[in-house]
Amino acid sequence: MAFTQDLLKQAADLASSNPKRAEELYKQILDSTASTSNGSAVNADKEQSLRDQESALIKLAELYRDQKDASGLAQVITLSRSFMSSTAKAKTAKLIRTLLNYFNSIPNSRQTQIDVLTDNIEWSKREKRIFLKHSLEIRLVSLQLEALQYKLALTRIDALLTELKRLDDKMILTEVHLLESRVYRGIGNLSKSKAALTSARTAANSIYCPPHLQAALDLQSGVLHAEDKDYTTAYSYFYETFENMSSQDDPAALNALKYMLLCKVMLNMPEDVTSLLSIKLAVKYAQLREIESMRTIALAHQNRNLSDFEKALRDYKHELSSDPTIRSHLAALYDTLLQQNLLRIVEPYSVVEIDYVAKQVGQGRQDVEAKLSQMILDKVFHGVLDQGRGCLIVFDELEADNTYGAAIGTLEQVSKVVDSLYAKTVKIA
């Protein structure tokens, strides 16, 4: 056993200078400890062998993580099965979670993770490790959601829910219903998304809900309220999420803060963005590029400046387009801003050339013509497009004439008076 520990120390020293040799040493340790743990060794030696095997697995996985080698890490997870077969189930789950978390540091490794998880789910099923299988399936659904594989995610969620309802495991049931809500929201089915979120909250109410799970529920509630244009309620949910996640130093708190800023912009209160970023919890995020992008959008909206808005979308393309929630709401905001700019330009005129309007807003003629046509149909202003002359003819807003209404009201009152007089004459006669 002392020899194995010497090899571990030697491999750790070589990890940075000669990773290839360190890899060979770790594999040598795994081969030797596997034979010891499976043999007829005494209990003390067997336990030490398992500890060495676990250390070698984790160190080898860390080596592949640092080298950004996703396939190597996948092999380590497969190698770990012999160790997992001879150790406690709780320890097994912890080890496999640790190894899978190393994928997070490796770019473009999502498909490898999906393949590894699918393979390990089948192994868990064969070994009858039900709880490990459930936790792996939840992780797989999360990855399928990120990869926009909604159909595959829903199929697995349906199977999971059937099993979990039979086991009555409220904690995992809450997580699965939350994932179901996010998947349905991804495919645009908001009614089913809300129903799934309600089921998640119902399950969560009957157990102690960990802070991170409560924060995830609040975040999803805020997203769904924002989809319904109820930005005030959405903001309160995002604020709860932000407070909760910030207290745990969760990196996801940044997303909640971005959504809070988005709500302020959508509520036509962009001036509140600066004051919001000065609160104690938000100060440490204020200089990040993601927050700077939202500050720029707020400023462009406050100035009703379409060119600044477009520039912000170009300059911060990754920060603003990678999140579907922010992307969809900013598209609606851009449409509103374009409408406000068009109104500002055409309001002083009775007849104005479409080319001139397009030049002023910096858009193509066809796009401007289509938007003006939509605004006329929506009765944003009264006018008509003269395509022959290439002009927009703007009409003055017709003032309502209340003469006829007043006349009818007077006649109704006279009618009541006549009826009253007739009734009195009948009594006298």
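The values are calculated or read from the model by the stated rules, or taken from the named source; none is laboratory data. For clarity, every value in this text was computed on a predicted model and none was experimentally measured. Please note: Cβ atoms are built from the backbone with ideal geometry, for glycine as well, and neighbour counts cover all protein chains shown. Surface accessibility is based on the protein's heavy atoms, side chains included, excluding ligands, DNA and RNA. Shrake-Rupley method; radii C 1.70, N 1.55, O 1.52, S 1.80 Å.
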Just to be sure I understand the filter: pairs with C-beta atoms under 7 Å, separated by 6 or more residues or on different chains, first member in the range 359-387 and without any contact (Cβ under 8 Å) to a residue 60 or more places away in the chain, second member open to solvent by less than 40 Å² (accessible area, probe 1.4 Å) and of a type in the set (Asp, Glu). Which pairs pass? 385/369
On the basis of being over 30 Å from residue 227 (Cα atoms), assigned to a helix (DSSP H, G or I) and open to solvent by 30 Å² or more (accessible area, probe 1.4 Å), does residue 165 make the cut? no
When only residues in the range 349-381 that are open to solvent by less than 80 Å² (accessible area, probe 1.4 Å), outside any helix (DSSP H, G or I) and touching a strand residue (DSSP E or B) at 6+ places or on another chain (Cβ under 9 Å) count, which is nearest to residue 336 (Cα to Cα)? 381
For residue 333: the one exception among (1) of a type outside the set (Val, Ile, Thr); (2) surrounded by 13 or more Cβ atoms within 10 Å (Cβ to Cβ); (3) without any contact (Cβ under 8 Å) to a residue 40 or more places away in the chain: (3)
Pairs with Cβ under 6 Å, 6+ apart, first in the range 115-128 and farther than 19 Å from residue 143 by Cα, second in a helix (DSSP H, G or I) and modelled with pLDDT of 80 or more: 125/133
Scope the range 165-199; condition touching a His at 6+ places or on another chain (Cβ under 8 Å), farther than 23 Å from residue 326 by Cβ and hydrophobic (A, V, I, L, M, F, W, C); matching residues: 172
I'm checking my understanding of the structure. Among residues of the range 97-132 that are among the β-branched types (Val, Ile, Thr) and in a helix (DSSP H, G or I), which one is farthest from residue 70 (Cα to Cα)? 130
Scan the range 200-207 and tell me whether some residue there is open to solvent by 60 Å² or more (accessible area, probe 1.4 Å), within 27 Å of residue 330 (Cα to Cα) and either of a type in the set (Lys, Arg) or assigned to a helix (DSSP H, G or I) (or both). no
Go through 173, 143 for me and flag whichever is modelled with pLDDT of 85 or more and over 17 Å from the mean Cα position of the chain (by Cα). 173
Could you tell me which residue of the range 203-235 is nearest to residue 327 (Cα to Cα), considering only residues that are of a type outside the set (A, V, I, L, M, F, W, C) and more than 17 Å from the chain's Cα centre (by Cα)? 230
Give just the number: which of (1) outside any loop (DSSP other than H, G, I, E, B); (2) open to solvent by 70 Å² or more (accessible area, probe 1.4 Å) does residue 258 not satisfy? (2)
Test: residue 215 is open to solvent by less than 40 Å² (accessible area, probe 1.4 Å), in contact with a His (Cβ under 6 Å, 6 or more places away or on another chain), closer than 24 Å to residue 147 by Cβ and in a helix (DSSP H, G or I): no
Determine, yes or no, whether residue 135 is touching a helix residue (DSSP H, G or I) at 6+ places or on another chain (Cβ under 7 Å) and assigned to a helix (DSSP H, G or I). yes
